[in-house]
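The structure appears below as structure tokens.
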2 protein chains.
Amino acid sequence: MPGKLLVIGGAESHDAGDDEILERFVLLAGGADANLVVIATASESPAEREKEYAEAFHRLGAERVTPLRLESREDANGDLATSALERATGVFFTGGDQLRITTVLGGSKVDSALHARLAEGMVLAGTSAGAAMMSSTMILGGSVATVSSASVRTGPGMEFLPGVLIDMHFAERGRLNRLLSAIAMFPHELGLGIDENTAILVDGDVFEVLGRGTVTVIDAGQARDISCPSVDAGGPIALWGAQLHVLPAGHRFNLTERMPMRRAEEDHAH
Amino acid sequence: MPGKLLVIGGAESHDAGDDEILERFVLLAGGADANLVVIATASESPAEREKEYAEAFHRLGAERVTPLRLESREDANGDLATSALERATGVFFTGGDQLRITTVLGGSKVDSALHARLAEGMVLAGTSAGAAMMSSTMILGGSVATVSSASVRTGPGMEFLPGVLIDMHFAERGRLNRLLSAIAMFPHELGLGIDENTAILVDGDVFEVLGRGTVTVIDAGQARDISCPSVDAGGPIALWGAQLHVLPAGHRFNLTERMPMRRAEEDHAH
């Protein structure tokens with residue numbers, strides 16, 4: 001059975017007793033028996049990020065935590081890297097710049113190994129840039145200005161989670177217009193705006209929301225009209241009749257049916 | 001026929017040749033024959049705001065522009081104020097703090113005079129705080145954090161435009177979650193998020209979008225489910241199946257039917 005994905009909107013709490021997102025990652029990866037790998041390639045300070053997450057995961061009961069430093073494509077094609085991943089039950093990607101992840105890892109042996117391990121049941125987690133890169137198309141940057149093709153830049157992501165476009169730090173950085181810009185241009189993708197200290201846990205085609213904030217789902221698949229000027233011409237985009245869902249912790253969403261589901265704890269009552 | 005409302009999301013351009021929103025206000029109020037009144041009560045620097053708008057309106061061809069300084073309820077109940085409004089063809093409210101407008105003007109003779117003049121066909125315009133106060137319920141403040149009852153504070157506005165909740169500087173200040181919080185609690189109100197340098201011109205139950213940005217309409221009237229913890233308990237709100245529309249300049253929206261309309265220039269083609 002393919003493994004689960006934990007996609008975190010950034011700035012997840014590391015405080016003891018308030019770190020349910022990281023705790024869930026450790027538990028899913030095997031708890032005390034977990035074999036965790038931290039990849040801080042996106043970050044400009046990888047040593048600090050590796051230390052930070054190793055401490056958090058140790059505190060949460062994981063004994064084996066290996067920082068896997070990948071700074072070049074040579075690293076990402078090396079035997080050391082792939083052998084580290086062979087034994088991993090959970091891999092965690094830190095934040096930083098998502099373009100660092102694709103340029104260093106994209107198409108490498110590590111890329112293949114991650115997909116293979118995920119298919120075998122490993123847990124793959126990422127926060128911020130490590131979350132953005134999980135989709136087949138990722139948001140590279142953009143502005144909070146007008147809903148327009150100029151307001152967002154996209155490119156191929158690492159393709160762990162197809163059919164969605166993920167934006168993170170969603171409420172905190174006011175990214176509605178940048179996500180709307182991308183969704184209006186590519187309405188076949190489902191927009192997921194994940195707040196800080198909030199995550200989705202993807203299991204097959206269902207995700208569940210964890211954490212303190214909300215996940216904003218924008219679905220323009222059934223939109224009645226979209227008017228998008230050419231990329232060269234630019235100018236604001238019109239979008240009529242997108243669906244919007246706000247999902248706090250415990251809420252689940254079916255990605256295939258594009259529908260929210262009753263909360264897990266209510267299942268037994270029905 | 002009741003007059004038009006021009007509701008501006010803040011930071012409208014004053015640059016010659018790029019000031020279509022202010023130009024529209026002057027034209028609607030009579031152009032060279034306009035008799036304009038500027039009310040800067042919301043602002044902490046009313047003299048500066050009065051000067052700024054008087055200059056802009058003069059440049060756009062209006063000869064008569066009267067700053068009406070209302071700093072106290074005594075001012076707002078004075079004969080000077082009501083006689084200034086008797087002749088006004090257009091009134092402009094500047095930005096600042098919307099609570100200043102209600103505390104100084106609410107229930108005063110100026111309040112009554114503004115409603116009376118509007119019913120007689122005057123144009124009423126407001127930007128930023130001057131826009132927020134126009135609705136029957138206005139947003140007083142809030143945070144961009146979680147969608148929750150704690151994230152927004154509302155109170156009665158000046159009631160020029162019933163049935164809506166207006167948020168301004170919408171994209172620029174990332175106010176989706178604060179507007180969603182209010183709309184999830186009060187889904188009978190229609191949410192209007194107006195970007196900077198963008199406005200809606202309301203004529204009866206139809207508005208048209210002007211300016212450079214977009215207006216985000218959030219309609220939770222047909223939402224399938226809303227779960228809102230009590231105000232005392234707090235915590236994130238769930239909202240399933242709100243409708244979202246993004247409307248750039250030229251787009252029109254019917255407030256009674258809660259539906260976007262084809263653009264004005266397309267009317268003749270159909």
Subject >> For the pair A and B, total buried accessible area rounded to nearest 100 Å², probe 1.4 Å >> reply: 2900
Subject >> Copy-to-copy label separations for residue B:47, where each label sits 7 Å from Cα toward Cβ, in nm and ascending >> reply: 5.8
Original post:
Which residues of the stretch A:165-185 end up with at least 50 Å² less accessible area in the presence of all protein chains than when their chain stands alone, using a 1.4 Å probe?
Top reply: A:171, A:176
Original post:
What gaps in nm, shortest first, separate residue B:115 from its twins in the other copies when you place the label 7 Å past Cα toward the beta carbon?
Top reply: 6.6
**OP:** Hand me the tally of lysine pairs in the protein assembly as shown: alpha carbons under 30 angstrom apart, and the pair either on different chains or 8 or more positions apart.
**Re:** 6
Subject >> For the stretch A:1-131, with +1 on Lys and Arg beta carbons and -1 on Asp and Glu, the positive-most of A:114, A:125, A:58 along the dipole >> reply: A:114
Subject >> Rounded percent of accessible protein surface that carbon and sulfur make up, the protein assembly as shown, 1.4 Å probe >> reply: 49
Subject >> nm² value of the averaged projected area, convex hull over the Cα atoms of the protein assembly as shown >> reply: 27.4
Original post:
Say a label goes 7 Å from Cα toward Cβ at residue A:155 in every copy; what distances in nm does this one have to the rest, shortest first?
Top reply: 5.0
Subject >> Per residue accessible area of the stretch A:1-116, 1.4 Å probe, in Å² >> reply: 45
Original post:
When the convex hull of the C-alpha atoms of the stretch B:1-131 is computed, what volume per residue in Å³ does it have?
Top reply: 88
**OP:** Would you tally the net charge around residue B:48, using a Cβ to Cβ cut-off of less than 14 Å, leaving residue B:48 out, and scoring K and R as +1, D and E as -1?
**Re:** -1
Subject >> Exposure rank, largest accessible area first [B:214, A:82; 1.4 Å] >> reply: A:82, B:214
Original post:
Given q = 0.13, 0.17 Å⁻¹, what are the Debye log10 I(q)/I(0) values for the stretch A:64-205, with equal point scatterers placed on the Cα positions and solvent ignored?
Top reply: -0.57, -0.92
Subject >> Mean-position separation - Cα centroids, the stretch A:68-118 and the stretch B:206-249, in angstrom >> reply: 40
Original post:
How big is the convex hull of the Cα atoms of the stretch B:1-78, per residue, in Å³?
Top reply: 117
Original post:
What size of dipole, in debye to the nearest 20, comes out for the stretch A:1-131 about its Cα centre when the only charges are +1 on Lys and Arg C-beta atoms and -1 on Asp and Glu C-beta atoms?
Top reply: 380
Original post:
So what is the 222 nm mean residue ellipticity for chain A from helices alone, if each DSSP H run of at least 4 adds -39500 (n - 2.57) and you divide by all residues, rounding to the nearest 500 deg cm²/dmol?
Top reply: -7000 deg cm²/dmol
Original post:
chain A: Rg/Rh from Cα coordinates, Kirkwood Rh?
Top reply: 0.97
Original post:
For chain A, with the dipole built from +1 on Lys and Arg beta-carbon atoms and -1 on Asp and Glu ones, taken about the Cα centre, which of A:80, A:22, A:253 lies farthest toward the positive end?
Top reply: A:253
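The values are calculated or read from the model by the stated rules, or taken from the named source; none is laboratory data. All values derive from a computational prediction rather than experimental measurement. Because the Cβ atoms are built from the backbone with ideal geometry, glycine has one as well, and the counts that use them run over all protein chains shown. What goes into the accessible areas is simple: the full protein's heavy atoms, side chains included, and nothing from ligands, DNA or RNA. Shrake-Rupley method; radii C 1.70, N 1.55, O 1.52, S 1.80 Å.
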